[in-house]
1. Within the stretch 219-235, identify whether any single residue is in a loop (DSSP other than H, G, I, E, B), closer than 17 Å to VAL335 by Cα and at pLDDT 95 or above, and answer yes or no.
2. Being open to solvent by 40 Å² or more (accessible area, probe 1.4 Å) and among the aromatic types (Phe, Trp, Tyr), is that true of even one residue in the stretch 225-247?
3. Considering (1) in contact with a Ser or Thr (Cβ under 9 Å, 6 or more places away or on another chain); (2) in a helix (DSSP H, G or I), say which one ARG273 fails and leave the rest.
4. Here is a list of conditions, (1) in contact with a Lys or Arg (Cβ under 7 Å, 6 or more places away or on another chain); (2) open to solvent by less than 40 Å² (accessible area, probe 1.4 Å); (3) closer than 23 Å to GLY225 by Cα, and LEU344 meets all of them except one; can you say which number that is?
5. Run down THR47, THR38 and say which single residue is over 30 Å from VAL175 (Cα atoms), open to solvent by less than 90 Å² (accessible area, probe 1.4 Å) and either at pLDDT 50 or above or of a type in the set (Lys, Arg) (or both).
6. With the condition kept exactly as written, say whether any residue in the stretch 166-180 is farther than 20 Å from CYS41 by Cβ, out of contact with any Phe, Trp or Tyr (no Cβ under 6 Å at 6 or more places or on another chain), of a type in the set (D, E, K, R) and crowded, with 24+ Cβ neighbours inside 10 Å.
7. Can you name the helices (runs of 4 or more DSSP H) wholly within the stretch 91-189 that have at least 1 residues being closer than 22 Å to LEU337 by Cα and among the acidic types (Asp, Glu)?
8. Go through the stretch 201-218 and count every residue that is within 20 Å of LEU310 (Cβ to Cβ), open to solvent by less than 10 Å² (accessible area, probe 1.4 Å) and part of a loop (DSSP other than H, G, I, E, B).
Amino acid sequence: MALRRFVLTWLAALPLLLTSTLVAAQELIADMSAGQPTGRCAFASSTPRALPDLLKGPGQGEPAQPVGHWFLPPGTERGPAVVLIHGSGGIYDAMLDFWPKQFNAAGIAVLAVDSFGPRGVKSTAEDQSQVPFAADTADAFAALKLLATHPRVDPARIAIMGFSRGGITAWRTAVERIAASQKLPDGLRFAAHVPVYSGGCVGIFRQVVKLDVFTRKAPMLWVHGDADDYTTIGACRDYAERIAKTGTAVEFFTIEGAMHKFDQDDTRRYNVRGAQRTLETCPLELDIDTLITYDRNTGQRVSGEALQTLTRQSCSATGAHVQGDRAARDKAAQVILAFFRKTLGSR
C-alpha cells in the first residue's frame, strides 16, 4: 500500500519534474549582445503577486525564468522585433510556427514568451490565480529589455502582441504608470501594442480611461472576432474607442464570424466548460492613479464585500468556446503586417 502511494505521488509530480528539467536545460542569458541565434533561451524575470507589487518596480516577488522562443529573420541588417505573449492556455502552435513565419518573412524578429511552463503551470483557463497577471507583464518588460540588447534589433522598433489573457499584457504595457514603474533604460518602451481577442476589457483589469493613462507615443491595433463568446467584442471595441479619445492612435479590426483563438491550427470547435470569463455587462474599472475600483455605471467607489458581491453577481461566468479559423487568421495576419509596416517600418 505504501509503495502504491509512493508510485501515485511520483506519477502526479512527473509533469512538474519534466517541466523543471526542461527549464533547467535552457540556456539562461543576461542579454543578447553576443547575437543570440534562433533557438530557445531562458531569461530572468519575477512573479509580482498583483498590480500594486508590479508598480513597486522590477524584481518584485519570487524570481522566475520564462523561456523565450527566438526567431531571427534571414539577413544581417538591424530591424524591428515583436514580443508574443500567450493566453490562458499557455504557449501554442501558432506562436511557434504561423506567427514567426509571417513576421520573419517581413523582416521582423520574434520572441514568443512561455510564462507558464517554467512556473510549472500548463493552463490557467479554469483558475487564473495559478499565475498572477502581473507576472505576465513583468515577463513582457523583461523580454523588452532583453531584445533591446540584440545587435540585430532596433530598440526603438519593438512591438508587443498578446492573445486573450496575453492581450491584457499587450495593452497594459501601454499604461504610462506601469511602464514608468519598470525603470527601463534609456527611455525604452514598446513601439506598438497589438491585443488579439483580448481579455480585460471589462472587470477589475479595465482602467478608468482619462488623459495620460495610456501612452500617446505608441499606436495600438485591436483584432477581434465578432463571434467570440469568451472575451466578447463589444467591451473591447468600447474600451479601444475610449482610449482613442484621449489621444492614443488606435485601430480596431473586426473579423466576421471568428471565434476565440481563431489563430490556432486546430479548426474544431471546443466547449471549454470550466473557462473563467467576465461578463460584458460588468461595470467595474480601476483608477490606475489611486488603485481604487469604481462602478462605471454609478461612479461610486466599490470595495470589500460590495466588490465581492458585484463581481459574483454581475461579472463572473464560466464556459466558452474556442475554434481555429485559417481564413480569419490570414485576414488578421494581413492587417497586423500592414500595421507593422506603418509603425515599425517592416517590409
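The values are calculated or read from the model by the stated rules, or taken from the named source; none is laboratory data. A quick note: this is a predicted structure, and the numbers were derived from the prediction, not measured. FYI the Cβ positions are ideal-geometry reconstructions off the backbone, even for glycines, and counts take in every protein chain you see. The accessibility values were calculated without ligands, DNA or RNA, using every heavy atom of the protein model including side chains. Shrake-Rupley method; radii C 1.70, N 1.55, O 1.52, S 1.80 Å.
1. yes
2. No: zero hits.
3. Single failed check for ARG273: (2).
4. (3)
5. After ruling out the rest, the residue left standing is THR38.
6. yes
7. 93-96
8. Count: 3.
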